[in-house]
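The next block holds one structure in the form of structure tokens; read it before the comments.
The values are calculated or read from the model by the stated rules, or taken from the named source; none is laboratory data. Source: prediction; values computed, not measured. For neighbour counting, all protein chains shown are included, and Cβ atoms are generated from backbone atoms with ideal geometry for every residue, glycine included.
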Amino acid sequence: MADIPLDRVAETATTEVEDLALRHPHGWVTRYVFSQDAKTIAIQYTATALAVGFVALFLSWLMRLQLGFPGTFAFIDAAAYYQIITMHGMMMIVYVLTAVLLGGFGNYLIPLMVGARDMVFPFANMLSYWFYLLAVIILLASFFAPGGPTGAGWTLYPPQAILSGTPGQESGIILMLVSLIVFIAGFTMGGLNYVVTVLQGRTRGMTLMRMPLTVWGIFTASVMALLAFPALFVACVMLLFDKLLGTSFFMPSLVELGSRLEYGGGSPILFQHLFWFFGHPEVYIVALPAFGIVSDLIATHARRNIFGYRMMVWAILAIGALSFIVWAHHMYVSGMNPWFGFFFATTTLIIAVPTAIKVYNWILTLWRGDIHLTVPMLFALGFIVTFVNGGLSGLFLGNVVVDVPLSDTMFVVAHFHMVMGIAPVLVIFGAIYHWYPKVTGRMMNDALGKLHFWVTFVGTYAIFFPMHYLGLLGVPRRYHEMGEASFFPPSAQMLNAYITIVALVVGAAQLVFLFNLLWSIRHGREAGGNPWRATSLEWQTPQTPPPHGNWGKERPTVYRWAYDYNVPGVAQDFIPQNMPPEAVALGPRLATGGVP
Amino acid sequence: MDTAFTEHRTREPAGGLATIVDDFSADQRAFRNVSWGKAMMWIFLLSDTFIFGTFLIGYMAARMSTTEPWPNASEVFALEIAGRHLPLILIAIMTFVLISSSGTMAMAVNCGYRRQRRATAALLVATAILGATFVGMQAFEWTKLIGEGVRPWGNPWGAAQFGSAFFMITGFHGTHVTIGVIFLLAIARKVIRGDFDHGRPGFFTGRRGRYEAVEIMGLYWHFVDLVWVFIFAFFYLW
Ligand code: HEM
Ligand SMILES: [Cu+2]
């Protein structure tokens with residue numbers, strides 16, 4: 001392959017898309033606070049979400065302390081335990097993972113990777129962050145409200161979510177619902193931006209089928225979020241009315257503490273359907289960006305083109321579509337019609353097909369690659385292993401007969417932490433190590449990064465793997481202590497204590513990451529514009545970190561896909577997407593093939 | 001080695017599905033003649049469709065699962081006018097008003113593209129007035145029902161979910177209409193001031209104004225209208 005032919009699409013040479021009229025900052029406040037630059041907004045999103053993440057991590061410590069050493073910590077009684085798991089779960093899923101992957105990485109990477117100057121509507125984009133911050137403040141306020149935060153479980157099922165036996169029913173549940181509504185409003189403003197920027201704001205030559213998979217993942221997840229969050233929005237509004245106005249959308253007739261309540265005729269199952277119509281796509285809203293990012297990390301750090309690019313794109317789209325028709329696999333024990341269980345088990349198992357295609361393609365990309373075990377690569381590999389592990393236990397839980405005895409045990413906790421807790425978190429870490437040099441111009445410390453990786457990766461296995469076993473023993477989830485059920489062997493409690501100790505260590509290891517993150521801003525090694533020798537556009541900006549508007553005078557023109565690593569017959573081991581074909585130096589491979 | 005790479009780059013234009021994919025994924029924009037604003041409004045409306053759709057499905061599920069009888073809508077929403085008993089009369093008038101407002105909106109879009117500044121502004125204001133009339137009549141209907149004892153948590157005739165769903169769904173739709181009226185007036189002001197003739201930058205966004213804003217407003221307004229048709233069918237006629 002000596003010559004590099006142009007795709008026919010690349011010949012459209014005019015800038016058809018208007019260059020965005022940017023609002024340049026006039027002072028400190030518009031530059032750092034009310035900034036309309038997607039990159040600043042991305043950093044604000046990420047920083048806020050990481051802060052929430054540390055709160056949620058701290059809460060997991062409290063839960064683990066209680067489970068490992070029941071009775072030692074008097075302030076964690078049953079009610080407090082419920083409140084802690086609820087806040088931990090909701091924060092992690094909505095306010096950390098969704099916010100970092102879409103609000104953080106979406107804002108930073110989409111405009112840069114498709115060659116845009118900014119998001120298409122920077123003002124709405126800025127509002128999106130401030131709504132998110134407001135939602136976070138409302139959520140955190142519930143810790144200080146009378147009665148404390150809600151203890152309804154992150155699924156917020158009525159009737160118990162709003163009844164007086166549940167901790168936080170005074171005000172915590174109201175704040176939670178309001179916070180979610182604000183979050184959804186804010187996300188919508190950002191999500192519309194991400195979707196329209198990808199569809200309509202690309203630079204010359206950047207066809208959809210040349211976009212890096214990161215953009216595909218974030219794009220599809222944003223579309224899904226725009227269609228799935230409405231169900232949560234409606235469920236929250238209706239539950240709020242049940243709580244505040246005394247309507248009975250979800251509330252059947254009940255007797256509470258001997259007296260009959262005013263409620264009657266509502267359907268608690270309806271809430272579960274609405275919640276999971278959001279809740280299952282949410283899993284993939286978190287997973288698809290992670291899939292995309294991992295594909296790019298692997299291709300870059302193994303110096304290989306991604307295997308089966310088109311198949312990867314179609315798999316992302318297929319997973320996105322299918323994930324809207326599997327929601328009731330969370331409801332096998334809810335008492336819905338058994339035929340539903342049959343249908344949803346089938347669709348659930350079908351999703352495994354495109355997902356497995358993706359995993360095979362990752363492996364085949366690595367196959368005989370020039371693998372560099374950099375910190376981002378380690379995290380990407382860690383993701384694949386963890387995700388496969390969680391996916392396999394998902395096959396167990398997707399089958400009705402297997403799920404029924406496992407439902408509401410620690411097995412479920414182990415499963416979802418593997419597949420949507422730890423796996424995406426590993427990707428987030430990997431992505432931060434990978435793109436940090438673009439954001440700050442400096443590398444993060446490598447030794448600390450490796451320490452962080454190994455403790456986190458091995459540690460999370462040590463935490464969550466034994467939980468499968470506890471689940472098989474029948475240890476229930478959401479119990480603040482196991483109690484004295486005779487079928488638990490005494491070793492189960494020893495196992496719990498051991499898990500707790502590992503969890504404390506893993507939590508502490510995150511402080512290493514935090515230190516590295518902050519320390520490297522000033523003291524990291526100078527990175528240059530493209531330290532990983534990567535092909536995609538964000539690494540080809542004229543300046544690092546890129547200024548407002550990203551590209552200087554002219555936006556780049558794209559000539560090829562994002563995966564030209566190790567092209568035979570080409571001197572360099574990678575060809576940037578925007579390098580004109582005539583500039584590609586042919587000849588034997590240069591000695592500096594790899595990553596510094 | 002690297003067959004995937006070679007294949008990807010030199011693929012000849014294929015027929016059938018692959019061509020559709022290539023066209024759709026083409027350079028710079030997926031929808032050739034659609035501006036950013038318009039694309040954003042369409043996608044927002046898609047998302048909003050899911051919200052209204054979920055509200056209506058929630059209402060239907062509640063109606064089917066409740067144990068008490070559902071009040072007869074055509075009786076509840078009847079009025080005595082000049083001694084005659086007219087079922088659903090107010091709703092019929094409201095529907096008529098809202099559909100008419102879609103007509104004036106469409107005319108406003110048309111005049112906008114002809115750059116008839118005054119006519120556009122006048123038609124936008126007319127649309128806003130019709131919209132406000134709709135909201136006014138809805139307020140009247142709410143007042144009447146509240147006077148008869150309908151509450152979100154109960155009513156004199158049967159299932160409590162009747163009132164809950166009624167206030168929630170018409171309230172949410174009415175909010176959409178109200179927001180629409182406010183934006184109609186704001187855009188009318190911009191039109192009459194000549195913002196769209198001179199491309200004056202917006203206060204918040206800094207984008208140059210274009211008559212397309214009228215069309216984008218129109219998309220929203222027609223959507224709100226269309227939603228009403230569904231609410232009318234599912235809530236009042238069922
Ligand atoms: C090392 C980190 C973590 C530890 C030690 C941890 C620990 C725990 C524990 C002990 C529970 C309660 C189990 C029970 O009694 O039911 C729990 C629940 C939960 N966790 Fe984590 N977790 C961690 C990270 C995460 C992450 C990253 C996510 C993001 C998806 C997450 C999502 C959840 C959810 C959704 C629940 C369920 C809450 C509920 O039952 O309502 N966790 N976690
Ligand atoms: Cu699911």
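Things worth noting here:
Residue by residue, here is whether (1) away from ligand 2 (no atom under 16 Å from the Cβ); (2) under 25 Å from A:Gln83 (Cα atoms) holds:
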| site | (1), (2) |
| --- | --- |
| A:Ala414 | no, yes |
| A:His417 | no, yes |
| A:Leu426 | yes, no |
| A:Gly441 | yes, no |
| A:Leu470 | yes, yes |
| A:Glu481 | yes, yes |
| A:Phe487 | yes, no |
| A:Pro490 | yes, no |
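For every residue, the table says whether it meets (1) touching a residue at least 60 places away in the same chain (Cβ under 8 Å); (2) under 22 Å from the mean Cα position of the chain (by Cα).
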{"residue": "A:Leu317", "(1), (2)": "yes, yes"}
{"residue": "A:Ala345", "(1), (2)": "no, no"}
{"residue": "A:Leu366", "(1), (2)": "yes, no"}
{"residue": "A:Gly382", "(1), (2)": "yes, yes"}
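- The set of residues from the range A:279-311 being within 16 Å of ligand 2 (Cβ to nearest atom), touching a residue at least 60 places away in the same chain (Cβ under 8 Å) and more than 19 Å from A:Thr386 (Cα to Cα) comprises just one member, A:Gly279.
- Residue match in the range A:516-528 (condition: surrounded by 18 or more Cβ atoms within 10 Å (Cβ to Cβ) and within 14 Å of chain B (Cβ to nearest Cβ)): no
- Test result for B:Ile187, at pLDDT 95 or above, assigned to a helix (DSSP H, G or I) and of a type in the set (Val, Ile, Thr): yes
- Of all residues in the range A:158-171 being within 13 Å of ligand 1 (Cβ to nearest atom) and either modelled with pLDDT of 95 or more or not in a loop (DSSP other than H, G, I, E, B) (or both), the one that is surrounded by the fewest Cβ atoms within 10 Å (Cβ to Cβ): A:Gln160
- Set A:Gly53, A:Gly71, A:Gly89: member being within 16 Å of ligand 2 (Cβ to nearest atom) and either touching a residue at least 24 places away in the same chain (Cβ under 8 Å) or of a type in the set (Val, Ile, Thr) (or both): A:Gly89
- Taken together, the residues in the range A:390-412 that are free of Cβ contacts under 8 Å to residues at least 40 places away in the same chain and under 30 Å from A:Gly449 (Cα atoms) amount to 3.
- Exactly one residue out of A:Phe275, A:Phe324, A:Phe241 is within 30 Å of B:Ala159 (Cα to Cα), within 14 Å of chain B (Cβ to nearest Cβ) and touching a residue at least 60 places away in the same chain (Cβ under 8 Å), and it is A:Phe275.
- Residue selected from the range B:215-238 under the condition part of a helix (DSSP H, G or I) and in contact with a Lys or Arg (Cβ under 9 Å, 6 or more places away or on another chain), by the criterion nearest to the other protein chains (Cβ to nearest Cβ): B:Ile216
- Odd one out for A:Ser323 among (1) more than 13 Å from ligand 2 (Cβ to nearest atom); (2) in a helix (DSSP H, G or I): (1)
A quick yes/no check of all residues on (1) under 24 Å from the mean Cα position of the chain (by Cα); (2) within 14 Å of another protein chain (Cβ to nearest Cβ):
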{"site": "A:Pro122", "(1), (2)": "yes, yes"}
{"site": "A:Met126", "(1), (2)": "yes, yes"}
{"site": "A:Tyr132", "(1), (2)": "yes, no"}
{"site": "A:Ile137", "(1), (2)": "yes, no"}
{"site": "A:Phe143", "(1), (2)": "no, no"}
{"site": "A:Pro146", "(1), (2)": "no, no"}
{"site": "A:Ala152", "(1), (2)": "yes, no"}
{"site": "A:Thr155", "(1), (2)": "yes, no"}
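- So A:Val234, is it more than 8 Å from every other protein chain (Cβ to nearest Cβ) and either in a loop (DSSP other than H, G, I, E, B) or modelled with pLDDT of 95 or more (or both): no
- A:Val255, sole failed condition from (1) surrounded by fewer than 21 Cβ atoms within 10 Å (Cβ to Cβ); (2) more than 30 Å from A:Gly191 (Cα to Cα); (3) within 14 Å of chain B (Cβ to nearest Cβ): (3)
- Answer from A:Leu102, A:Leu62, A:Leu67 - the residue that is buried (at least 21 other Cβ atoms within 10 Å of the Cβ) and within 12 Å of ligand 1 (Cβ to nearest atom): A:Leu67
- Of the residues making up the range A:109-140, those that are aliphatic (A, V, I, L, M) and either within 18 Å of A:Gly53 (Cβ to Cβ) or free of Cβ contacts under 8 Å to residues at least 12 places away in the same chain (or both) are A:Leu133, A:Ala135, A:Val136, A:Ile137, A:Ile138, A:Leu139, A:Leu140.
- Tally, over the range A:73-93, of residues that are more than 24 Å from A:Leu163 (Cα to Cα) and within 11 Å of ligand 1 (Cβ to nearest atom): 2
- Leading residue by the ranking (nearest to ligand 2 (Cβ to nearest atom)) among those in the range A:258-278 that are part of a helix (DSSP H, G or I) and surrounded by fewer than 20 Cβ atoms within 10 Å (Cβ to Cβ): A:Ile269
- Scan of the range A:531-562 for residues that are of a type in the set (S, T, N, Q) and touching a residue at least 24 places away in the same chain (Cβ under 8 Å), ordered by number: A:Thr535, A:Ser536, A:Gln540, A:Thr541, A:Thr544, A:Asn550, A:Thr557
- Any hit, the range A:380-389, residues being touching a His at 6+ places or on another chain (Cβ under 9 Å) and either at pLDDT 95 or above or within 24 Å of A:Tyr45 (Cβ to Cβ) (or both): yes
- Restricting the range A:335-353 to residues that are more than 14 Å from chain B (Cβ to nearest Cβ) and of a type outside the set (A, V, I, L, M, F, W, C) leaves a set whose member that is nearest to ligand 1 (Cβ to nearest atom) is A:Thr348.
- Restricted to the range B:15-125, the set of helices (runs of 4 or more DSSP H) holding at least 2 residues that are in contact with a Pro (Cβ under 6 Å, 6 or more places away or on another chain) comprises B:36-65.
- Only one of A:Leu192, A:Leu199 that is under 30 Å from A:Met119 (Cα atoms), free of Cβ contacts under 8 Å to residues at least 24 places away in the same chain and at the interface with chain B (Cβ under 8 Å from one of its Cβ atoms): A:Leu199
- Residues that are surrounded by 24 or more Cβ atoms within 10 Å (Cβ to Cβ) number at least 2 in the following helices (runs of 4 or more DSSP H) confined to the range A:377-472: A:410-416, A:423-440.
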